[in-house]
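These notes are about the structure you will find just below.
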Amino acid sequence: MYSLENKGQVLLENCEDEPIHLLGKLQSHGLLFGFNHHLKLTHFSANAKHLLGDVSSFEAPVELSSILGTSAEESAREFLKSAQPSFLRYDHMYTILAEPYRIAWSLNDDQVLLAELERVDPSENSASNSSIAELQGFIQNLRSYHNEEDIAVQVVAYFRKLTGFDRVMYYKFDHNGDGEVLAEDKKVGLESFLGLRYPATDIPAQARKLYERNTVRSICNIKDEGVPIYGIKSTAPIDLSLSVYRSVSPIHVEYLNNMGVRATHANSILHLDKLWGMIICHNYDEALHVNFEQRQLTALCADFVNSWLVNSELIRTAKRKTLEAEWLAGFSSGSSELSVFDELKNSFPLLKTLLGISGFSVLQGGETHHHGMHPHGKSVLDYLITNMQTGKVGEFVYTDHHFGKAEATEDTDIGGVALINAGLAEDTFIFFYRPEKKEVYNWAGKPTMTYEKSGRHNLNPRKSFELWQETVKGKSIPWSPDDVKFLSDLTDAIEVKEALVVREAQEKKGYSEVFRSFQRKNEIKKLKSDLEKMQREFTKTEQVIDEAKRVNELKEIVMSNMNHEMRTPLNGIIGLSDLIEGDPEASEDMKTYAGLIRDSSLRMLYTFTRLMKLDLTEIKADKTSAGKVVITNFLDNLLNPVKAKLRLENKTLEWAIHNSKDTLISNPIIKEQIIINLVNNAAQYGGDSVHIQVSAKYLSLSGKRVLHISVEDDGPGIPEDEQNMIFEPFYMGKKVTDRLDEGSGLGLYIVKSYVKYLRGTIELQSQPNKGTKFTVSIPIETRDEDTLH
Amino acid sequence: MKILYIEDNYVNRLIIEKSMAKYATVVAEENGFKGIELGKSDDFDFILIDLNLADPEIDGFGVLKALKKEGVKAVTAAVTAFAGSDWKKKCLDAGFDLYFPKPVRAEELWVELNEFRDARNA
């Protein structure tokens, strides 16, 4: 068995470190038992020993039931099943050793089940009914109050009536942790503390934490020494954070003593699990015991205030959020043409309400625009930027008093300023100004002197609570977390809008880029497909050419074979016929017959040869022939022998070239054939003593150079109805000719084919007895024919 | 004058033999190689060669080449059913002095052969 009383001296340098939950002592009016999860006794307070009965040694574990009874044990088990952190459960009365006790169960952080007992005073019961009725009245009234101050007034009145403390205060903390007395109900004659401020240090941090966990704190008598708590097996301090009767820290005792307080009771007002305020009761002359029920009622009352707070905060937040949303929606849907400054200016009334600002400035691209209250020197803004800028776009800083330290020499009524940088492409500094709020703080004692030095080398809690007035200047209402959040949202909204504008422009550009690149892609696709088409056609053409080549080759083979196969037997027929005809021993009839055989064969040969002449392989050779002849020589060479031959038949042939006599003639063989055939035709059909005239001349017709060749005769002419027929192959005319060795009806057909090949035209002028004139027009391809001059 | 005619076709040989007989002595030979042997003796004035010989191993061009190699001095002429200027060129390029497409008439043949011979000897 070990006493867990912490006897170590606490030095005030580290009063925040004071382990006030591990003091190992209990206020005397409470009893404490500690059990492990098997419900075996582990701890007990000194004043509970008598309830242990005969137990003198603790070798054998002591059951809970043996101390508190079986129903208490049942209750304990039930509690353990549902136990939650910071949960304290008040139980009903139990009779232990013939005395009525109330038990409060809690499970501490070390998993020790604490059973705290308080002996019930029977006389106290009568008070409960009226107290509950009063609480009910209080709760009903809660509905009609809409601000905290009014509620505070009601709360303190109720508390005082319930408990009888000399003074009850509703204490509200500000963002610094300093407390202000919002409402007070006090005994007549006492000095009023209403409106006084208490520095944050009056309630050190670990105490605040405890107030957050354990929301009811009763100290009945600061003079009570308290009773130690014993640990049966362990020397480890017992965590009394959740304890109802936990004893008071010496420093706290001293503090209360300095204030003249003898007994105190405090309830925590929490909001979102953080200390929002406190309801503090003080008694000055006498100790005051708040009994079990009274404590419960105060707890209930405080809980109702908590609920009201939650509600009111929710309403307040919702109202604010609505305004914020209104502003954000208005800003986002506003025209993108307006500058940030103009947008803010337009929405200034709303911003004013939301942020509590009286003016703003926008510094962008070297230009500054102000609206409303603003500092007059640019150097101030620069100063602020330099000193306040975090360097990262999107972050911002704010202060409620920095402004007073700026280099501004002008009088300004600006207290606080928030600075944001909401630009994406370039810095856009926006300053929001809060007006100065002059405050008079009534400190209960000089706030900087919370602890006094004494000769004992420790600091004692302050003794002086004398009113110390402080006039706060150059400060604005501080920026609340809601303000900060909204500034962040505002920054985002501005940046998003800028991004959207940029993106819109980019998209437009991007769209046209995309469109253009799409067009280009399309064009390329089209070009590709055109190219493919062309390639396919080319391939087809190549194929066709190949085919044509093959056909041509085949034709040549066939042709030459045919040639050979025709000529060989013909040679035989003709030759042998000649032999017969020349054989002196042959009869006249046989000679005649042989002659006829030969002539028939010759004619066949002649026809065949003319047909073969249409073979263009001959013509190709013609085209590639190197020697080009001047037209005059050409005609002379061609027609001189014919002229001689025709003279024998009493027919005349003349020719003339009318111009460009030096022209080199192209395709001489084909032209030769054309002229010869026409001349022969004229000779054949012209009758006896026909005169044939050949003339050639060069002309330009519609910009194209043309060679005209005409073959004219003074023969009988061609009847009109025959004029079309004569160009047909094998047409010999209606007039029968008995000349078997000449004429195949192919002459004009050949002429027509050759003229077509040369892309020329042929014209016939003839009337019966008026002669015949054939005119051939051949276009000159300048690369084939050139002039010498 | 003597004419050597190398030709595989009987009818053709017959015609030339008979029709040229009045101008000159005609030796008609069927086989190409035999024709070369005959030509080597070099007492012909004119050697007429059919291009399309039956022998798979030699054709008219081959016979001509062989004869030329032997330094035969006769006037050589291709006599052939292969008609056309291409063939003419081919034959002249190959070394034939003259080219006669069939059917060829005896008189024309004799005139041309002599004209050429005279022109060459002049």
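The values are calculated or read from the model by the stated rules, or taken from the named source; none is laboratory data. This structure is a prediction, so every number in the text was calculated from the model and none was measured. Please note: Cβ atoms are built from the backbone with ideal geometry, for glycine as well, and neighbour counts cover all protein chains shown. Note: areas computed on protein heavy atoms with side chains; ligands, DNA, RNA excluded. Shrake-Rupley method; radii C 1.70, N 1.55, O 1.52, S 1.80 Å.
Filtering the range A:263-288 to residues that are surrounded by 20 or more Cβ atoms within 10 Å (Cβ to Cβ) and more than 60 Å from the chain's Cα centre (by Cα) leaves A:ALA263, A:THR264, A:HIS282, A:ASN283, A:LEU288.
Being more than 28 Å from A:LYS475 (Cα to Cα) and loosely packed, with under 15 Cβ neighbours inside 10 Å: is that true of A:SER192 here? Criteria not met by A:SER192.
The set of residues from the range B:66-106 being facing chain A (nearest Cβ under 9 Å), of a type in the set (D, E, K, R) and crowded, with 18+ Cβ neighbours inside 10 Å comprises just one member, B:LYS102. As a summary of the residue check, B:LYS65 satisfies the conditions (1) more than 12 Å from the chain's Cα centre (by Cα); (2) part of a strand (DSSP E or B) except for the one numbered (2). Residue-level check: of (1) more than 10 Å from every other protein chain (Cβ to nearest Cβ); (2) open to solvent by 80 Å² or more (accessible area, probe 1.4 Å), A:GLU565 misses just (1).
Mind listing whichever residues of the range A:137-154 are part of a helix (DSSP H, G or I) and surrounded by 10 or more Cβ atoms within 10 Å (Cβ to Cβ)? Give the steps one after another, and end with the answer.
Within the range A:137-154, the subset part of a helix (DSSP H, G or I) is A:137-142, A:148-154.
Scanning the range A:137-154 gives A:GLY137, A:PHE138, A:ILE139, A:ASN141, A:LEU142, A:GLU148, A:GLU149, A:ASP150, A:ILE151, A:ALA152, A:VAL153, A:GLN154.
Taken over the range A:185-208, the criterion of being under 15 Å from A:SER268 (Cα atoms) and part of a loop (DSSP other than H, G, I, E, B) is satisfied by A:ILE203, A:PRO204. When the range B:46-62 is filtered for residues that are in a strand (DSSP E or B) and hydrophobic (A, V, I, L, M, F, W, C), the ones remaining, listed by number, are B:PHE46, B:ILE47, B:LEU48, B:ILE49.
Per-residue answers, yes or no, for (1) at negative phi; (2) at pLDDT 80 or above; (3) of a type in the set (Gly, Ala, Ser):
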{"position": "A:ASN561", "(1), (2), (3)": "yes, no, no"}
{"position": "A:PRO584", "(1), (2), (3)": "yes, yes, no"}
{"position": "A:ALA594", "(1), (2), (3)": "yes, yes, yes"}
{"position": "A:LEU614", "(1), (2), (3)": "yes, no, no"}
{"position": "A:LYS620", "(1), (2), (3)": "yes, no, no"}
{"position": "A:VAL630", "(1), (2), (3)": "yes, yes, no"}
{"position": "A:LEU639", "(1), (2), (3)": "yes, yes, no"}
{"position": "A:ARG647", "(1), (2), (3)": "yes, yes, no"}
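A:GLY226 passes every criterion in (1) at positive phi; (2) buried (at least 18 other Cβ atoms within 10 Å of the Cβ); (3) under 58 Å from the mean Cα position of the chain (by Cα) apart from (3). Within the range B:9-60, the set of residues being within 11 Å of chain A (Cβ to nearest Cβ) and buried (at least 16 other Cβ atoms within 10 Å of the Cβ) comprises B:ASN9, B:ASN12, B:ARG13, B:LEU14, B:ILE15, B:ILE16, B:GLU17, B:LYS18, B:SER19, B:MET20, B:ASP50, B:LEU51. Taken over the range A:568-583, the criterion of being within 16 Å of B:GLU107 (Cα to Cα), surrounded by 15 or more Cβ atoms within 10 Å (Cβ to Cβ) and more than 7 Å from every other protein chain (Cβ to nearest Cβ) is satisfied by A:SER577, A:ILE580, A:GLU581.
Once the range A:653-669 is narrowed to residues that are of a type in the set (Val, Ile, Thr) and in contact with a strand residue (DSSP E or B) (Cβ under 9 Å, 6 or more places away or on another chain), the residue that is surrounded by the most Cβ atoms within 10 Å (Cβ to Cβ) is A:THR663. Every condition in (1) at pLDDT 80 or above; (2) farther than 25 Å from A:VAL216 by Cα is met by A:PHE33 except one, and the failing one is (2). Taken as a whole, the structure leaves A:VAL168 outside the set of residues that are part of a strand (DSSP E or B), within 18 Å of A:LEU256 (Cβ to Cβ) and without any contact (Cβ under 8 Å) to a residue 24 or more places away in the chain.
At least 2 residues that are at pLDDT 80 or above and surrounded by 21 or more Cβ atoms within 10 Å (Cβ to Cβ) in each: list the strands (runs of 3 or more DSSP E) lying fully within the range A:408-499 that qualify. Walk me through it before giving the result.
Working: elements: A:414-421, A:428-435, A:439-444, A:451-453, A:459-461, A:467-472.
Ranges flagged: A:414-421, A:428-435.
In the range A:79-102 there is at least one residue matching the filter, namely being of a type in the set (Gly, Ala, Ser), more than 27 Å from A:LEU300 (Cβ to Cβ) and out of contact with any helix residue (DSSP H, G or I) (no Cβ under 6 Å at 6 or more places or on another chain). Listed by first and then second residue, the pairs linking a residue in the range A:322-350 that is over 16 Å from A:ILE430 (Cβ atoms) to a residue that is open to solvent by less than 50 Å² (accessible area, probe 1.4 Å) and among the aliphatic types (A, V, I, L, M), with Cβ atoms under 7 Å apart and 6 or more places separating them unless they lie on different chains, are A:LEU323/A:LEU350; A:LEU323/A:LEU354; A:GLU324/A:LEU354; A:GLU326/A:LEU350; A:SER332/A:ALA493.
Screening A:GLN136 on (1) under 20 Å from A:LEU270 (Cβ atoms); (2) modelled with pLDDT under 85 shows it passes everything except condition (1). A:MET590 meets each of the listed conditions (1) within 13 Å of chain B (Cβ to nearest Cβ); (2) at pLDDT 85 or above apart from (1). Look at the range A:734-762: where a residue is modelled with pLDDT of 60 or more and a partner is open to solvent by 90 Å² or more (accessible area, probe 1.4 Å) and not basic (Lys, Arg), sitting 6+ places away or on another chain with Cβ atoms under 6 Å, you get A:GLY745/A:PHE730. Here A:GLU180 clears all of (1) over 29 Å from A:GLY24 (Cα atoms); (2) open to solvent by less than 60 Å² (accessible area, probe 1.4 Å) except the condition numbered (2).
Would a scan of the range A:293-309 turn up a residue that is farther than 25 Å from A:LEU194 by Cβ and open to solvent by less than 10 Å² (accessible area, probe 1.4 Å)? Checking the range A:293-309: at least one residue is farther than 25 Å from A:LEU194 by Cβ and open to solvent by less than 10 Å² (accessible area, probe 1.4 Å).
Scan the range A:763-789 for residues that are of a type in the set (Gly, Ala, Ser) and either at pLDDT below 90 or over 19 Å from A:VAL630 (Cα atoms) (or both) and report the count.
2
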